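Below is one structure; the comments refer to it alone.
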Amino acid sequence: MNPFSSGTRLRDMIRAIRSCKTAAEERAVVRKECAAIRAAISENDQDYRHRNLAKLMFIHMLGYPTHFGQMECLKLIASSGFPEKRIGYLGLMLLLDERQEVLMLVTNSLKQDLNHSNQYIIGLALCALGNICSAEMARDLAPEVERLLQFRDPNIRKKAALCSIRIIKKVPDLAENFINPAASLLREKHHGVLITGVQLCTDLCKVSSEALEYFREKCTEGLIKTLKDMANSPYAPEYDIAGITDPFLHIRLLKLLRILGQGDADASDCMNDILAQVATKIESNKNAGNAILYECVGTIMSIEDNGGLRVLAINILGRFLSNRDNNIRYVALNMLMKAITVDAQAVQRHRATILECVKDSDASIRKKALDLVYLLVNESNVKPLTKELIESLEASDQEFKGVLTAKICSLVEKFSPEKIWYIDQMLKVLSEAGNFVKDEVWHALIVVISNASDLHGYSVRALYRAFQTSTEQETLVRVAVWCIGEYGDMLVNNVGMLDIEEPITVTESDAVDALEVSIKRLNSDLTTKAMALIALLKLSSRFPSCSERIKDIILQNKRSFVLELQQRSIEFNCILQKHQNIRSALVERMPVLDEATFSGRRAGSLPTSVSTSTGTARNLPNGIAKPAAAPVADLLDLSSDDAPAPNSSGGDFLQDLLGVDLSPASAPPGTSQPPKAGTDVLLDLLSIGTSPPAQSSSSASNILSSIQDDKTSLVNLNGLASLTSLSPNATSASPAPMMDLLDGFGPSPQKKEENGPAYPSLVAYESSTLRMTFNISKQPGNPQTTLIQAIFTNLSPNVYNDFLFQAAVPKFLQLHLDPASSNTLPASGNGSIIQSMKVTNSQHGKKSLVMRIRIAYKINSKDVLEEGQVSNFPRDL
Amino acid sequence: MIHFVLLISRQGKVRLTKWYSAYSQKERTKVIRELSGLILTRGPKLCNFVEWRGLRVVYKRYASLYFCMCIDEDDNELEILEIIHHYVEVLDRYFGSVCELDLIYNFHKAYFILDELLIAGELQEPSKRTVARLVAAQDSLVETAKEQTSSITNIIAQAANFTIKMLHKGYGPWGSNALHLESLLLVDVCTRLVDQH
């Protein structure tokens, strides 16, 4: 032993670390060792440098930082002895990667070592260069490596060949320098050199088409001959693996032939014989043989068409597929994926076996098989394949169910031949793995059901049946709940019975039971519960006999801790109790959802995820009432997330609800009906307004983002951007109308009473076409509240139709708009529209009134929009 | 091309890592953590391939060690299994029925052997005998260098002992100048010898 040895030996350190019982102990040992090594480094201790570096490498493997040892590698490499260099290069490859600046410092040492007289030192340098060289180093040292390709010792030649691969990958420009020396390597007899030479040629072909042409012309025959010699060679113990001479070389030769044959009929022709020979002669009972066969099949599939060979190859894959070894089956599936582009028909023949693999116990194989099946499906076989996939869904584990479900859903959507089949399959998937179905998938299902008017009854009954058997699948429950809400009457009366259906008897209370179950189910999430609540509301008018019970169920949620449910429950209860007259209109069946809009929205970059995350309640597909086709309404719909919820007749209800008195003639329901002054209430109903400020701002941003997406549909509302800026303000004004709704004050128009202090009337807004005058008064004993009577006068020679005034105020104000006296404004000042409003100033005395306004009307059915701000109110309002 | 080679014990301890593609230290730790979670949990009879970040990891278990190699999608997985086995056989031949402890205490040897087998993520030598021969030749180079050093250090050690003895016997630096100078000279010569080598 070395008498001067100090510190611990490598072996002792490893032993000390291994004997540690806890991570803390290990850290302590490592810390001590690192401290000693650092000390040795700073003393520039030469005797133990290599030992210290070895220790550092071990410490590095344990995951501790060792950057302080990087320079030691360079010092060791620069020293003269072989042992020091050997450990230095090892450290360099282990502790550094090509992106570190330090690496540049080693270039010079490398250059010297590449020219060293000791071939083992050259070998070390080549190895390090091949493993970690950067592009700069590759440029600097390429000439040395090129020279070493002709070195006398074959072991250096092979290292140089692999090193060249790294160099040309880093700097493809250098490829042409290597073409000739690489070609000469192909004539070598030494297997190491040959194998690396073939590999170098393969990589040269990948980076340079020039090299590809050269090798194709000059080397194809030689390579074929080499392969032939190998295939026919007698037993060679040195290279033998499982009775085959050097499978590695076989594989590399086949790989290079593949590249040479691809896209070149002549070259492909030359290699047909040898490929056939390899494919038939190689024994397939050992892994090595199978590896060659696998490579050979890959080559046959890639080179230019030869019918006979392809059949041979597909048969080999068929054999692989039925192999008991999982590895072989895996590679067979992998190769079939590639073969499908070449010969889909042949792959279809193995469909049954592939489907079996989807049910395999091995996750890797299942996934591969599923990917393959996905590629196999076309219009003609979608039905049986989907059936099989859904069957395997039952057997699969949780982890795989997600992937499988997504694939099935996408297949069903893509290839579905008819709607009823689509609905059936989706139903099966929902009942089997509903928890894995993505939101947009079940939304799409609802859209499809809504569009298939002849299948409404069938769908709701099928869903009801499925719901009875599996209540654990969230999305199934949601779709079922939605359908029961919409088509509950069809469920009960067996409307639209199809021949294939078995009749079921569902009473009204059964349907309500189902909804009650889904509300009370412990694991129902908020969305489901809220959907069920809305469905109940809808059923209340369809099933008058159950309305008392429905009211009870709704009332039970009045004390829900979830704000959303509580609010809905109270609102719905109000509707049930106090607004009988509007209820039936309110809960009318939703109109057909627009498939094109939905799919467009799905395809588009609509940030649905954002809105879903801000509040699930906005997910409700039953979202209430809004005029269809009006872009602004669309906007609202968007803010209720993907709720596919246009309701054409809702316009009426809204007007009723808000007490906006519209003359019926001018507002045919369902036509482009811009939102009333009650936008805020509408927003509110869609759960935007009354929620805390954070949420309302998020919904505002939502609206904004949807505008970006829907620009095209907004042509007739060019000033929409300003509306969005209004909406946060508008929401703040909502409590007033909401109180109205809940307390049942009714839309009694505010009577103007002349007993407050009088103010002069002011012209609040005037344009070349329109004037708006405000008559202002105060209620006695209520200084905060200001009554305003707005008088609109038409200054143009045209009649204004569909006249609509909207106003928004800042947060400290509350605004209540009464219905306008008319929505038609006669031309040239021959009459006026009068609309009253009430503004409550919570900061009375501190801040004065301010208001933003927006006036929309039509001239000869052309939309006009005017906007402005009123800030000339008297100061003390 | 092989992107990296990992040897992981059944307990998840890393025994060897070799990176042929550029991964920063941070990424390396992450990769190791991810893959050991992925591979160590797989059952015994399953196939030896795992898909991972668009690449494929081929692994094989030998006793308590998992040998993992990460390759491109279009590489031959079966061949990689053969390469892993090739490596194991060379290790076995070198250590004489190799076990995990051999690879722990002689981890640098495992690296040296791997460097004779793979460069730039490609196979370098299909003959086990050649690999063994090359590693042995380099080991003997190291041995010779070591012997040389130790023979020189022995001389120095003897000289030093001699000096110390002399000092103890009372030939202190002030006692017998001649002897003292002689021993100092000896030490000097020896140090130069060491330097030369």
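Straightening the chain between residue A:19 and residue A:451 buys 148.4 nm, computed as 0.36 nm per residue apart minus the Cα-Cα spacing. Other residues whose C-beta falls under 12 angstrom from the C-beta of residue A:534 contribute a net charge of +1, scoring Lys and Arg +1 and Asp and Glu -1. Kindly identify region B:2-126 as rounded, prolate or oblate by the Cα gyration tensor criterion: order the square roots of the eigenvalues as a ≥ b ≥ c, call it rounded if a/c is under 1.5, otherwise compare a/b with b/c, prolate if a/b is larger, else oblate. Rounded, because the longest to shortest axis ratio a/c is under 1.5.
So if we plug the beta-carbon distance of residue B:74 and residue A:566 into 1/(1 + (r/R0)^6) with R0 = 56 Å, what FRET efficiency do we get, rounded to 0.05? In this case the efficiency is close to 0.45.
The mean number of partner chain beta-carbon atoms within 10 angstrom of a residue's beta-carbon across peptide A:55-65 is 3. Assuming charge only on the beta carbon of Lys and Arg (+1) and of Asp and Glu (-1), the dipole of region A:416-600 about its Cα centre is about 780 debye to the nearest 20.
Under 1.5 on a/c is rounded, so check that first for region A:416-569, then, if it is not, pick prolate when a/b is larger than b/c and oblate when it is not; a ≥ b ≥ c are the square roots of the alpha carbon gyration tensor eigenvalues. Taking the square roots of the gyration eigenvalues as a ≥ b ≥ c, region A:416-569 is oblate. Were the residues from residue A:315 through residue A:403 laid out at 0.36 nm apart, the gain over their Cα-Cα distance would be 28.7 nm. Here r is the Cβ-Cβ distance between residue A:867 and residue A:599 and R0 is 35 Å; the resulting FRET efficiency, rounded to 0.05, is 0.55. Once the Cα-Cα distance is subtracted from the 0.36 nm per residue extended length, the residue A:276 to residue A:353 segment shows a gain of 25.2 nm. Near residue A:569: Cβ cut-off under 9 Å, other residues only, Lys/Arg at +1 and Asp/Glu at -1. The net charge is +2. Using DSSP to define loop residues, name the trypsin sites (Lys or Arg not before Pro) in region B:13-113 whose beta-carbon has at most 12 other beta-carbon atoms within 10 Å. In loop regions of region B:13-113 (DSSP not H, G, I, E or B), the sparsely surrounded trypsin sites (Lys or Arg not before Pro) are B:45, B:53.
Label-to-label distance for residue A:116 and residue A:284 is 4.9 nm, based on points extended 7 Å past Cα in the beta-carbon direction. Which of rounded, prolate or oblate describes region A:303-424 when judged by the alpha-carbon gyration tensor and an a/c cut-off of 1.5? The shape class here is oblate.
Scattering from the C-alpha atoms of region A:757-870 alone, worked out with Debye: what is log10 I(q)/I(0) at q = 0.12, 0.18 1/Å? The Debye formula, applied to the Cα set alone, gives -0.43, -0.89. Partners of residue A:529 within straight-line reach, counting aspartates and glutamates whose Cα lies under 13 Å from its Cα and excluding those fewer than 8 residues away in the same chain: A:474, A:516, A:564.
Read-outs throughout are calculated quantities, based only on the coordinates presented, and are distinct from any laboratory measurement. Here the structure is a predicted model, which means the values were calculated and not measured. FYI the Cβ positions are ideal-geometry reconstructions off the backbone, even for glycines, and counts take in every protein chain you see.
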